[in-house]
Amino acid sequence: MARQFFVGGNFKMNGSISSIKEIVSNLNNAVLDAEVEVVVSPPAIYLQLVRESIRSGIEVAAQNVYDKPNGAFTGEISVSQLKDSNINWAILGHSERRTILKESDQVVASKTKYATENGVSVIWCCGESLEEREAGKTVEVVTKQLEALKAQVSDWSKIVIAYEPIWAIGTGKVATTEQAQEVHKAVREWLKSVSDKVAEDTRILYGGSVSEKNCGELSKQPDIDGFLVGGASLKPAFVDIINCRK
Ligand code: PEP
């Protein structure tokens with residue numbers, strides 16, 4: 001079965017009621033490639049606004065979710081609260097949370113396990129720093145992150161992997177098609193250690209300064225199954241990225 005192309009929009013901590021209404025209206029009025037799965041991820045406070053106003057067919061993701069049921073966890077959102085609000089996706093392990101919020105590989109894996117076992121699909125992010133890339137450690141770093149995930153997760157059907165080199169996020173420095181494809185291929189090879197089926201079925205997205213200008217070439221790579229888009233998902237050009245294969 002061919003992997004469905006996937007485009008995620010990570011708004012990060014950006015937007016206001018009016019700007020997010022404008023993004024939603026732009027998506028609602030656009031002609032979108034029907035073969036592409038689209039998931040947008042606004043800040044928590046706007047999840048409900050987007051859920052209630054976005055066209056059917058586009059899913060909504062939280063930018064974080066906790067690995068415990070409801071309770072005394074100030075500032076966190078639970079899986080059951082997401083599901084109660086018809087939010088069926090979460091982004092976990094984004095490098096900004098790994099580096100700024102100090103989320104370890106194990107914490108990210110635990111949250112991913114809890115979310116997927118309780119019915120929330122996950123865009124699980126991984127990627128290396130510039131220093132690690134320059135030291136030739138890219139595949140080693142990504143493999144370590146994947147191993148931590150494998151140690152806790154058993155159902156991979158609700159996971160989409162986003163390879164996001166940290167040096168390419170928000171910097172305008174996109175990985176070359178060869179650099180991206182090389183890591184995606186290595187991730188797919190590694191996924192065979194889970195099973196051949198998981199390697200064949202799991203979508204691997206590229207993230208890091210994706211724009212309407214570079215998405216076409218990247219999308220032609222055999223192991224690139226879509227994108228996780230930050231900055232450009234706030235702009236009308238997000239539509240061109242969704243439609244990059246048309
Ligand atoms: C991201 O935040 O996941 C991302 C890839 O950001 P940008 O597209 O802005 O580099």
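Measuring between their Cα centroids, the stretch 1-33 and the stretch 176-246 lie 17 Å from each other. Kirkwood Rh over Cα pairs of the chain into Stokes-Einstein at 10 °C, 1.306 mPa s: D in µm²/s? The calculation lands on 88 µm²/s.
Can you run the Rg to Rh ratio on the stretch 156-222? Use alpha carbon positions and the Kirkwood inverse-distance Rh. Taking Rh as the inverse mean 1/r over Cα pairs, Rg/Rh reads 0.99.
Computed about its Cα centre, the charge dipole of the stretch 51-146 is approximately 200 debye, with only Lys, Arg, Asp and Glu carrying charge at their Cβ. Just need the relative contact order of the stretch 1-153 here, percent rounded to a whole number, with Cα pairs under 8 Å and 6+ apart. Relative contact order of the stretch 1-153: 18 percent.
How about Lys220: which lysines have a C-alpha closer than 20 Å to its C-alpha, ignoring those fewer than 8 places off in the same chain? Excluding near neighbours in sequence, the set is Lys173, Lys185, Lys246.
Taking the Cα centre of the stretch 92-191 as reference, the dipole from Cβ charges on Lys and Arg (+1) and Asp and Glu (-1) amounts to some 260 debye. Think of each Lys and Arg Cβ as +1 and each Asp and Glu Cβ as -1; about the Cα centre, that makes the dipole of the chain roughly 320 debye. With the charge dipole of the chain set up from +1 on Lys and Arg Cβ and -1 on Asp and Glu Cβ about the Cα centre, the Cα lying farthest toward the positive end among the listed residues Cys125, Tyr114, Val198 is that of Tyr114. Think of the chain as having a plus end and a minus end, set by charges on the Cβ of Lys, Arg, Asp and Glu; of Phe227, Ser16, Gly170, Ser16 sits farthest toward the positive end of this dipole. Each peptide in 115-123, 69-77 receives the mean, over its residues, of other Cβ atoms within 10 Å, and ordering these scores from highest gives 115-123, 69-77. Mean silhouette area of the stretch 79-149, derived from the convex hull of its C-alpha atoms and averaged over all directions, reads 4.8 nm².
Using R₀ = 22 Å, calculate the FRET efficiency as 1/(1 + (r/R₀)^6) where r is the Cβ-Cβ separation of Arg245 and Ser56; round to 0.05. It comes to 0.50. Here the chain has 51 percent of its accessible surface on carbon and sulfur atoms, given a 1.4 Å probe and all protein chains in place. Total lysine pairs in the stretch 54-164 at Cα distances under 27 Å, for residues eight or more apart or on different chains: 29.
The values are calculated or read from the model by the stated rules, or taken from the named source; none is laboratory data. Predicted, not measured: the structure shown is a model, and the values here were computed from it. Reconstructed Cβ throughout: ideal geometry from the backbone, glycine too, with neighbour counts over all protein chains shown. Protein only, heavy atoms only, side chains kept; ligands, DNA and RNA dropped before computing areas. Shrake-Rupley method; radii C 1.70, N 1.55, O 1.52, S 1.80 Å.
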